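Undergrad: Sharing a structure, written as structure tokens. Questions coming.
Read-outs: derived from the displayed coordinates by stated rules, not from any lab. Just so it is clear, the model here is predicted, and its values are computed rather than measured. For neighbour counting, all protein chains shown are included, and Cβ atoms are generated from backbone atoms with ideal geometry for every residue, glycine included.
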Amino acid sequence: MTPDQVLEDALSRIGSDRLRYLCLDHPDPLVREEYGAWVLARDAGQPAPVLMPRPSPATRVATALKAGARWIAGGLKVVPDPVFEARMKLCRGCDHYDAGNDQCGVCTCYLAAKARLPGEECPLGKWRKYAVTKTKCGGCSKGRNRK
Ligand code: SF4
């Protein structure tokens, strides 16, 4: 039996037109995949994965444009490699990470780009914005006037 047939069988047992649409006909492949996994888990009596609400395509475009504008306004800086790797490590270990597309399942951003941008942060607070500074040691007032 193919994976599609297994899903068809599970959907037949559940008998929901809405779930059938979300699993088989929704235009977003991430939605189809996520709901398919949810149906299969439920049908097998396993704990079903938590489904996160997804931003609409228009919201995604607006979010990407705002992130680009923030990046330009911030001087086109990127985070240092260790920060990028630390962010990606958190994402790869996250239940919402879509490894096939390197996308966040919550915000749907492409993480190879998002995790490079200092002004971006995880929508669930797993990693935060990063302040990129170019001041040399001694640029702040800490350590001055020590006796
Ligand atoms: S950005 Fe946050 S929610 Fe999205 S995959 Fe990374 S850690 Fe998970």
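Undergrad: Could you work out the relative contact order of the chain? I mean the mean sequence separation of Cα pairs under 8 Å and 6+ apart, divided by the number of residues, in percent.
TA: 16 percent
Undergrad: Hey, another quick one. Mind jotting down the distance between the C-alpha centroids of segment 113-134 and segment 52-79, whole Å?
TA: Here the answer is 12 Å between Cα centres.
Undergrad: Now for a separate question. If contacts are Cα pairs under 8 angstrom and at least 6 residues apart, what is the relative contact order of segment 1-72 in percent?
TA: 21 percent
Undergrad: Which aspartates and glutamates have a Cα lying under 15 Å from the Cα of LYS126, excluding residues fewer than 8 positions away in the same chain?
TA: Excluding near neighbours in sequence, the set is GLU85, ASP95.
Undergrad: Show me 56-67, 34-45 ranked by packing, highest mean number of other Cβ atoms within 10 Å first.
TA: By packing density, highest mean first, the sequence is 34-45, 56-67.
Undergrad: Another one. Where does the Debye-calculated log10 I(q)/I(0) of the chain sit at q = 0.10, 0.15 Å⁻¹, using only Cα point scatterers of equal weight, no solvent?
TA: Here the Debye-derived log intensity ratios amount to -0.49, -0.86.
Undergrad: For segment 57-114, compute Rh as the Kirkwood radius over C-alpha pairs and then the Stokes-Einstein diffusion coefficient at 10 °C and 1.306 mPa s; write the answer in µm²/s, rounded to an integer.
TA: Calculated translational D: 128 µm²/s.
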